[in-house]
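Novice: Submitted below is the structure of interest, expressed as structure tokens.
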Amino acid sequence: MGTTEAAQTPRTGPDRRRRTGPAVAAATLLPLAGCASDAPSALDPAGAGAQRVEGLWWLLFWISVVVFVEVLALLVWALIFRRGARTRVRHGQPLRFVTIAGAGLPLVILVAVYGVSLRDLAALGTDPGPDAPTVEVTGHKWWWEVRYEGVAGATANEIHIPVGERVRVRLRTADVLHSFWVPQLMPKTDLIAGETRETWLHADRPGEYRGQCAEYCGLQHAHMALMVVAVPRPEFDARLARLAAPAPAPSTDAERRGQQAFVQGTCAACHTVRGTGAQGRVGPDLSDVGSRWSLGAGAVPNDAGHLGGWIANPQTVKPGNQMPPQPVDAARLPDLIAYLRSLD
Amino acid sequence: MSAELPAGRSTGWWGMVLFVTTEATLFACLLGSYFYLRFQNGPQWPPDGIANPALLRPLLMTAVLVPSSLPMIWAERGLRRGRLWRVRAGMATSMLLGLTFLGLQATEYAELLTEFTLTTNAYGSLFYVITGFHGLHVLIGATMIGWVLTATRGGLDARRHDRVRNVAIYWHFVDIVWLGILFTVYLSPWL
Amino acid sequence: MSIVDTPAAGADPTDRERLAENWTERPSLRSWLTTVDHKRIGRRYLVTAGFFFALAGISALLMRTQLANPGSDLLSPQQYNQLFTMHGTAMIFLFATPMLFGFGNFLVPLMIGSRDMAFPRLNAFGYWVFLFAGLFMWASLPFGAAPNGGWFAYVPLTSVQDSPGLHLDVYTLGLLFLGISTTAGAINFIVTALKMRAPGMSLNRMPLFVWAIVATAFMVIFALPALNVDNAMLFLDRRFGAGFFDPAAGGNVLLWQHLFWIFGHPDVYIIVMPGLGIVSAVLPAFTRRGVVGYPLVVLAIVAIAIISFGVWAHHMFAVGLPQVSYGFFSAASSIITIPSGIQIFAWLATMLLGRLVLRTPLLFVIGFIVTFVLGGVTGAMFALTAFDQQVTDSYFVVAHFHYVLVGGALFPILAGIYYWLPKITGRMYAERLGRWAFWLVFIGMHVTFFPMHLYGLFGMPRRVYTYPAGLDWDGWNLVSTVGAYVLAVGLLLVLVGVVHAVRRGRPAPPDPWGGDTLEWSTDSPPPAYNFPVIPRVHSLHPTWDARTAESTGPGATADRILSAGRRTPLTSELDGRYERPVEMPEASGKPLVLALTLLVLFTALLFAWYPVAAAAVAVVAGTVAGWLWPGRRAEART
Ligand code: HEA
Ligand code: HEA
Ligand code: CUA
Ligand SMILES: [Cu+2]
């Protein structure tokens, strides 16, 4: 393979806020230094959901440090002062020490953090409200189908949300279990076969937030990523409007030939391009494939070269994925590429 | 009490009790699964137009199986007094009742299989697996009785005692589990 | 064989001769196949589990090599998925539990002053089944047909539609097969500990290690059925079209998860509990005093065993169960940390009051405390649902469970290997080599698994065969891989140390450490009959207690020598009153035959040769009937 790089890095540099106090602590205590960059990190939250959990994490982190240091200190004490032939063995049964240090104090700590965590859990579970925009996400082996409530068109592996608003996400799966996870925005929610789950997304700054399927779902679980793109409200509305309209019509001869090849070839059996004869539902809707952040749910970057490689043999790019190699006439390939690149 | 029974519980007794305990947990998991699937399934249960289980035959089966523990107890008492004939007669009666139970179950299957099977839906799977697994236990119990009857032909001694008592424990267990199944599989859909 | 003669004057030479004659098995192929000696069986468990550990460890090294760099294509996704599934499954089922059962087998009768387990032939049977089940599962790997659904095999990914082929049939049948062995072993441990303790060893004088084994065995009894039911249902779904897990047929995919974790969570304590028991057994010898707070520690063991059945849904915090149930499971998961805390502080107190003798076993115990506490506190973090939803199924979880598994099971196992090696082999290990092994293992462990916390938080999901560059995951993954190799070198040194000790080690005295439990009161290695005289136990630390030692000296009564036949005393369950001697069975080939027939049965089921399976069932029934047939021997001797 060796082609996985780059696809993941966001196209536009998302504006990242400076790390705040706890993060500085992290840089010293955990060897986090030098990592202030591209990780879709739960410690670099960009929305209400992940922020809550980040707060909880730092609380738990410091408690753990205290507990660990306490244990370590006692151990070191024993190692320094309780060795050597002249150390006298003492035969007491300090039950009070054991009960207080081992049960009493932990109980107090646990009750406290339990209380805090219930508050956070409730906050994560709140409904975004009846007016919130709703995204319908369906997990497939191994890509994400994305629809917006009230909009006819579909897209894949990319979710646009308006900045600063809560967006409801309704999760279903077409096959096995998957899990919807955008670490910088929201903890996980599993997609359960035969059932529907809901979560929400909220981003307080524009940017691209990488997510990835977090429930093992078979061969290509590794390449089932998605991108949440937070944009200002007008851009979001424009995006929905484009999804409601037919795909852009071909404007050059090559594109026209490509469209013909697409619609009359095998492609149409599995893929939809709105406003053409291609209405297949097996694979992702390709009406806006030219604008996607990647091909194959994070498998390769979306450029002409990789697109050609994908069409020629998707199985070498993403082994085991559900799109079989297609019998495309080598002469037709550039046309197909040109056409698909024009869809955005 | 006859001097033949040594002091304290034997290792065999404990072994059987623990075995039965883990088996009981197995049945608990099966019955738990039944209720789980039922309550995840929506209001219609049994689903897909399958009728509620008929009660006459299972009640008859209960009437056959549950009392079969009595001759077993009687046999055990006889064992303590060293009365071999009581052991034989009691256990043979229990075995016959057990086999009758299996016969009734066979007729039930013959009828029901025309209505739904293991593969019809989850209800069918539950029904046949739970009742079938229990039937298998009755069969094993009956085989054990047959085996002990043969093994005690040579008379009774401490080791044989142990085996009779262990078979009795197993048999009582199979009986009690049936009550759980009767309630879960046959009665609960009517509630 | 014995190096130093223990002064057990209570048994005169003729008694010893008769004991030796009645118990010793002449070395031959036949006796190798038919032995029922718990010491030989225990050793076999240890070696076999070590072998499966090496296989699972090598799988891990392959995985780590693949993950060293982003976008690597050393392994195909098919291979990677089979390797990580086999790694997890084997580590859990074929290494950790059997290894600890091996220690239990070797040690429980010795620690409680008995001559064998309660059911020696069942014990032999359990070993053979374990061996065959392990081979059954590993054999699928070279054919590319190994399980590939992860060690918890969630449906519907593991349904026949989504996973055709034998992979998951190997998994369900292999685990059902293995379950027979684990259940048999558990029953055997409980009955042994209840009935076979030396006279005078009331329950409150039972060593902590034995308590841990008994609690473990009880957890097995109540937890394993859930896994068996789950696997049986999955097998029926896949093979015969049943609908338990098929939503289209009214089944439910979450049923699998509930049943799996009702087993799976107790199972992680099944793994750690004997490990904690080893720690409690090792500490007294190297701190020169008993573990602080025996009753508290026993209470903690029992509490863990019970509470562990009420926390399973913490593995399902992201599936979207009702909030109330999350509140409950979150609270229960938090509470279960408390008994662990009690044990940690009891050990710390022991070390703070005693005098530390810093030999390799104690080093591993200290390594255990450091590592296990780190793993424990991340566990306590997951107990809080909101936090868990963020990190579940990420490498943060992988970090947690390797900290508790490597720290809580592997380190104690290694401590136990060094500690009991003299008893098991009669030879001392080389201390310097042991220290080197410790430091490499300890450093390697933390270098491998600590970074996983980081890249887990940075968003890396688990069970991915590759990952992209540029997300800050790459460098840390390389660190983990390097650590894994360091760890492997350390473990290799452990192996070298063991082999060296067996070949060249100094002969070991009966009690090289000054341990407090009864196994140190007999020769190293113990004679076939374990104890020439069954001691009468007067305290919690029998070896340190003069009265117990005297009880095996002159004046020991014949009812504790029992040199006629293969006999050992039974005692009462609670207070260890002497009841009567029992006759122990002799070597037998039936356990092996039965296990082999079961292997045929499960293989036949795997390949759908149902007539063969039916024939095997008949042979099984016949063998069991013959096995349990009451013999004449009993009366002959009473
Ligand atoms: C040996 C095995 C072992 C042990 C001992 C533990 C111990 C604990 N585990 Fe762990 N766990 C696993 C093996 C184990 N675990 C495995 C294998 C998985 C993953 C399975 C998979 O997904 O593949 C897992 C996953 C797992 C999860 C699910 C994570 C997820 O998938 O999202 C959770 C959630 O609650 C959890 C919790 C705990 C807790 C609370 C403890 C506690 O028992 C820990 C208690 C110990 C301490 C806390 C340290 C000592 C105490 C003190 C020093 C006192 C002071 C402490 C405090 C105040 C906190 N574990
Ligand atoms: C007891 C349990 C145990 C142990 C000890 C280990 C040990 C190791 N594990 Fe473990 N691991 C699991 C249980 C365990 N694991 C489980 C349950 C999973 C989850 C699986 C799943 O998701 O389904 C998992 C998953 C898992 C993953 C995640 C895979 C993924 O999600 O994609 C990784 C990745 O690095 C990993 C690595 C390692 C490494 C490097 C070791 C090293 O410590 C291994 C070192 C061992 C060796 C290198 C062998 C050397 C041996 C010898 C030289 C012979 C010595 C012989 C004697 C002592 C007799 N493991
Ligand atoms: Cu979808 Cu993993
Ligand atoms: Cu758990």
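Novice: Quick check on my filter: what residues within the range C:460-516 are polar (S, T, N, Q) and not in a loop (DSSP other than H, G, I, E, B)?
Specialist: Let us first name the residues in the range C:460-516 that are polar (S, T, N, Q), namely C:466, C:477, C:480-481.
Hits for the range C:460-516 are C:ASN477, C:SER480, C:THR481.
Novice: List the number of the failed condition for C:GLU17; all other conditions in (1) in contact (Cβ under 8 Å) with a residue 40 or more places away in the chain; (2) open to solvent by 10 Å² or more (accessible area, probe 1.4 Å); (3) more than 16 Å from ligand 2 (Cβ to nearest atom) hold.
Specialist: For C:GLU17, the failing item is (1).
Novice: Sticking with this structure for a sec: Taking into account only those residues within the range C:562-578 that are of a type in the set (D, E, K, R) and farther than 21 Å from C:LEU19 by Cα, which is most open to solvent (accessible area, probe 1.4 Å)? Outline the logic, then answer.
Specialist: From the range C:562-578, those of a type in the set (D, E, K, R) are C:566-567, C:573, C:575, C:577; that's our starting set.
From what's left, farther than 21 Å from C:LEU19 by Cα: C:573, C:575, C:577.
Details: C:GLU573: 33, C:ASP575: 77, C:ARG577: 138 Å².
Going through the qualifying residues, I end up with C:ARG577.
Novice: Pull out all pairs, ordered by first then second residue, where Cβ-Cβ is under 6 Å, the residues are six or more apart or on different chains, the first lies in the range B:34-62 and is touching a residue at least 40 places away in the same chain (Cβ under 8 Å), and the second is assigned to a helix (DSSP H, G or I) and open to solvent by 60 Å² or more (accessible area, probe 1.4 Å).
Specialist: Here the result reads B:ASN52/B:TRP190, each pair linking the range B:34-62 to a residue that is assigned to a helix (DSSP H, G or I) and open to solvent by 60 Å² or more (accessible area, probe 1.4 Å).
Novice: Being open to solvent by less than 50 Å² (accessible area, probe 1.4 Å), assigned to a helix (DSSP H, G or I) and more than 7 Å from chain C (Cβ to nearest Cβ) is the filter here; which residues of the range A:212-237 pass it?
Specialist: If the condition is that a residue be open to solvent by less than 50 Å² (accessible area, probe 1.4 Å), assigned to a helix (DSSP H, G or I) and more than 7 Å from chain C (Cβ to nearest Cβ), then A:HIS223, A:PHE236 are the ones that fit.
Novice: If you scan the range A:117-152, which residues turn out to be open to solvent by 30 Å² or more (accessible area, probe 1.4 Å) and at the interface with chain C (Cβ under 8 Å from one of its Cβ atoms)?
Specialist: Listed by number, the residues that qualify are A:LEU118, A:ALA122, A:GLY125.
Novice: Would you check which residues across the range A:200-220 are closer than 19 Å to C:HIS315 by Cα and either away from ligand 1 (no atom under 16 Å from the Cβ) or under 10 Å from the mean Cα position of the chain (by Cα) (or both) and list them?
Specialist: Initially, the range A:200-220 is screened for residues closer than 19 Å to C:HIS315 by Cα, giving A:213-217.
A:CYS213, A:ALA214 - these are the residues of the range A:200-220 that are closer than 19 Å to C:HIS315 by Cα and either away from ligand 1 (no atom under 16 Å from the Cβ) or under 10 Å from the mean Cα position of the chain (by Cα) (or both).
Novice: Being over 19 Å from the mean Cα position of the chain (by Cα) and surrounded by 18 or more Cβ atoms within 10 Å (Cβ to Cβ) narrows it down to one residue among B:ARG88, B:ARG38; which is it?
Specialist: On the way: B:ARG88 fails: surrounded by 18 or more Cβ atoms within 10 Å (Cβ to Cβ).
After ruling out the rest, the residue left standing is B:ARG38.
Novice: Out of the residues in the range C:375-428 meeting the condition of being within 7 Å of another protein chain (Cβ to nearest Cβ) and within 11 Å of ligand 2 (Cβ to nearest atom), tell me which one is surrounded by the fewest Cβ atoms within 10 Å (Cβ to Cβ).
Specialist: C:ASP393
Novice: What is the number of the single condition among (1) at the interface with chain C (Cβ under 9 Å from one of its Cβ atoms); (2) more than 16 Å from ligand 1 (Cβ to nearest atom) that A:PRO183 does not meet?
Specialist: (2)
Novice: Got at least one residue in the range C:185-208 being among the β-branched types (Val, Ile, Thr) and open to solvent by 20 Å² or more (accessible area, probe 1.4 Å)? Can you show your working first?
Specialist: The initial filter retains those residues of the range C:185-208 that are among the β-branched types (Val, Ile, Thr), namely C:187, C:190-192.
Still in the list and also open to solvent by 20 Å² or more (accessible area, probe 1.4 Å): none.
Taking every residue of the range C:185-208 in turn, none turns out to be among the β-branched types (Val, Ile, Thr) and open to solvent by 20 Å² or more (accessible area, probe 1.4 Å).
Novice: Something else: Select from the range C:288-322 the residues that are within 16 Å of ligand 4 (Cβ to nearest atom), more than 8 Å from every other protein chain (Cβ to nearest Cβ) and surrounded by 22 or more Cβ atoms within 10 Å (Cβ to Cβ) and list them in ascending order.
Specialist: Matches in the range C:288-322: C:ILE304, C:ALA305, C:SER308, C:VAL311, C:TRP312, C:ALA313, C:HIS314, C:HIS315, C:PHE317.
Novice: Further question: Residues of the range C:169-190 being over 16 Å from C:ALA133 (Cβ atoms) and touching a Leu at 6+ places or on another chain (Cβ under 7 Å), which ones?
Specialist: Filtering the range C:169-190 for residues over 16 Å from C:ALA133 (Cβ atoms) gives C:187-190.
If the condition is that a residue be over 16 Å from C:ALA133 (Cβ atoms) and touching a Leu at 6+ places or on another chain (Cβ under 7 Å), then C:ILE187, C:ASN188, C:ILE190 are the ones that fit.
Novice: Still on this model: Go through the range A:159-178 and count every residue that is open to solvent by 20 Å² or more (accessible area, probe 1.4 Å) and either closer than 12 Å to A:TRP144 by Cβ or of a type in the set (Asp, Glu) (or both).
Specialist: 5
Novice: Take B:LEU70 and tell me if it is within 30 Å of B:VAL87 (Cβ to Cβ), away from every other protein chain (no Cβ under 12 Å) and open to solvent by 20 Å² or more (accessible area, probe 1.4 Å).
Specialist: Yes.
Novice: Please find, within the range C:157-168, the residue that is farthest from the other protein chains (Cβ to nearest Cβ) out of those that are touching a residue at least 12 places away in the same chain (Cβ under 8 Å) and surrounded by fewer than 24 Cβ atoms within 10 Å (Cβ to Cβ).
Specialist: Just the residues of the range C:157-168 that are touching a residue at least 12 places away in the same chain (Cβ under 8 Å), to begin with: C:158-160, C:163, C:165-168.
Then keep just the ones that are surrounded by fewer than 24 Cβ atoms within 10 Å (Cβ to Cβ); that gives C:159-160, C:163, C:165-167.
Values: C:SER159: 8, C:VAL160: 12, C:SER163: 8, C:GLY165: 13, C:LEU166: 16, C:HIS167: 11 Å.
By that ranking, first place goes to C:LEU166.
Novice: Just the residues that are within 16 Å of ligand 3 (Cβ to nearest atom), assigned to a helix (DSSP H, G or I) and within 16 Å of C:MET316 (Cα to Cα), please, taken from the range C:392-425. Full working, then the answer.
Specialist: Taking the range C:392-425 as the starting set, the residues that turn out to be within 16 Å of ligand 3 (Cβ to nearest atom) are C:392-395, C:397-398.
Applying the additional criterion that residues be assigned to a helix (DSSP H, G or I) yields C:395, C:397-398.
C:VAL397, C:VAL398 - these are the residues of the range C:392-425 that are within 16 Å of ligand 3 (Cβ to nearest atom), assigned to a helix (DSSP H, G or I) and within 16 Å of C:MET316 (Cα to Cα).
The values are calculated or read from the model by the stated rules, or taken from the named source; none is laboratory data. Note that the structure is a prediction, hence the values are computed from the model and not measured. Every residue, glycine among them, receives a Cβ derived from its backbone with ideal geometry; neighbour counts consider all protein chains shown. Note: accessible area is taken over every heavy atom of the protein model, side chains too, but ligands, DNA and RNA are not part of it. Shrake-Rupley method; radii C 1.70, N 1.55, O 1.52, S 1.80 Å.
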